[in-house]
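Some notes on the structure that comes next.
The values are calculated or read from the model by the stated rules, or taken from the named source; none is laboratory data. No experiment lies behind these values; they were computed from the predicted model shown. Counting neighbours? That spans all protein chains shown, and the Cβs are built from the backbone with ideal geometry, glycine included. Heavy atoms of the whole protein, side chains included, go into the accessibility calculation; ligands, DNA and RNA do not. Shrake-Rupley method; radii C 1.70, N 1.55, O 1.52, S 1.80 Å.
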Amino acid sequence: MGTAGIAGLGAGGLAGHLSGTATDTADGEDPALVSARSRVAPREGRPPALLTPVPANVQVVAVDVRAQDGPDVRRTAREVLAAWSEQARSLHDEGLASLVEGAPSQDLHPASLGVTLGLGPSLLERAGLADRRPPQMEDLPEFGTDHLDPAWCDGDLMLYVGAEDPLVLSSAVDHLLRTAGDRTRVRWALPGFQRSAVAAADPGATPRNLMGQVDGTVNPRPDEALFGPQVLASHTDRPLAWMDGGTYVVVRRIRMLLDDWFALEPERREEVIGRRLSDGAPLGGDGEHDLPDLAARDGGGEPVIARDAHIRLASPESTLGARMLRRSFNYDLGWDAEGRRQAGLLFTAWQADPRTGFTAVQRNLDEGGDALNAYIRHEGSALFAVPPLREDEPHVAHSLF
């Protein structure tokens, strides 16, 4: 399931497109398998990270450019982006097996492989392009509930790769990083996953996270009139035109304290989030997609959805209408040397302006005393610009350089 890959073959395509076609299949084959194997041409001109259905596996990799600040950084970043754009197209046209002899992905279907590229604020500063840095890329503020590890934050460039199959995903990431060679150094990486289309009783249902909660119910849809203004950036000033039609993504590594969470009674877990465990419906509602009734009171006059419930504090009604496209994936890295579970959420938020999207929501969760804060730790954070790839430009962010 999902849409394929990189680097805008059509006018106005965003960084990351590989158009593709569905794989021919034999009569009677499982439709879920057919869908999971195939690639669908992204007609909207948007990167795979914004499209649905969402593939089961992703990996986000942040790299730093290995060059002296100034012209050397500009030249090296341009070379890397050009190489990634070219190789990503080849991944679609030829497949991994033909690009690398003996690749572990040989004989595998494309599995909805898709790649999205991003540029971090540090790259613009290091390259001497601070005047080309949009105000939407201002540094994220510090939040009182952050427990950030610098080793898991920031980065000059981002690779965001998705696929329905983890081996296809791993092979693609490895190939792209080898293409960059010693021009980059991996700063951090985090793999994420959802339930697969084959495992789901209803492949179209909203997935659950490791806390057992339905995660991703409230999202702007591509067919909504407000999707563009909320998710896609508009920059008409010449110095910032390189990002006109692009998008900004905030990436957060959120560890879940799962032992503490599952020690709670189910009713208390529902109160913390503000939704039923069984079907994701807001408390007091009938179904997952019902609008939460934030004014509803119980027999004792208390709010049905608690004052510190996560969905109340994150709602547009509580954040002056802030909305963003959320793509959440689970991560599970096992246990550390002290026996603590290293698992949680690889959270990505795509928006036209992080200041009025992610930052507005996170500040309200922080200052409003979100009940969920007791059971999670924000340990990594990064912001990247995802520029458009225009038909007359050979690679991502060509006009910037």
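Observations, loosely collected:
- 19 Å reach of a label modelled at Ala205, 7 Å along Cα-to-Cβ, counting backbone N of segment 49-77: 53-57
- Here segment 54-150 yields Rg over Rh of 1.06, to two decimals, using C-alpha coordinates and the Kirkwood radius.
- Computed label-point distance, nm, for sites Ala97 and Asp69 using a 7 Å Cα→Cβ extension: 4.8
- In degrees, nearest ten, helix 71-94 long axis to first principal axis of the chain (Cα): 90
- Loop-located GluC sites (Glu not before Pro) in segment 48-142 (DSSP state not H, G, I, E or B) with no more than 15 neighbouring Cβ atoms inside 10 Å: Glu101, Glu138, Glu142.
- Rounded, prolate or oblate (a/c below 1.5 giving rounded, otherwise prolate when a/b exceeds b/c) for segment 197-247 by Cα gyration tensor: prolate
- Mean shadow area of segment 56-97 over all directions, Cα convex hull, nm²: 4.0
- Taken over segment 102-197, the convex hull of the Cα atoms encloses 150 Å³ per residue.
- Note: segment 141-295, Cα convex hull, 215 Å³ per residue.
- Angle between the chain longest axis and helix 166-180 axis [Cα atoms, degrees, rounded to 10]: 50
- Surface accessible to a 1.4 Å probe, His109 within the full protein complex, Å²: 70
- Charge tally for Gly128 (other residues, Cβ to Cβ under 12 Å; Lys, Arg +1; Asp, Glu -1): +1.
- Sparse-neighbour loop sites [trypsin sites (Lys or Arg not before Pro); segment 248-310; at most 14 other C-beta within 10 Å; DSSP]: Arg307
- Of the residues Ala83, Ser122, Ala97, the one whose Cα sits farthest toward the positive end of the charge dipole of segment 80-140, with +1 on the Cβ of Lys and Arg and -1 on the Cβ of Asp and Glu, is Ser122.
- Compared with the dominant principal axis of the Cα atoms in the chain, helix 358-367 is inclined by about 30°.
- Using the Cβ-Cβ distance between Leu291 and His147 with R0 set to 35 Å, the FRET efficiency works out to roughly 0.60.
- Rg to Rh, two decimals, where segment 260-353 supplies the alpha carbon set and Rh follows Kirkwood: 1.04
- In segment 325-363, the trypsin sites (Lys or Arg not before Pro) that fall in loop regions by DSSP, at most 13 other Cβ within 10 Å: Arg340
- Given the alternatives (1) 78, 51, 40; (2) 65, 57, 49; (3) 88, 41, 39, Cα extents along the principal axes in Å as computed for this entry is given by (2).
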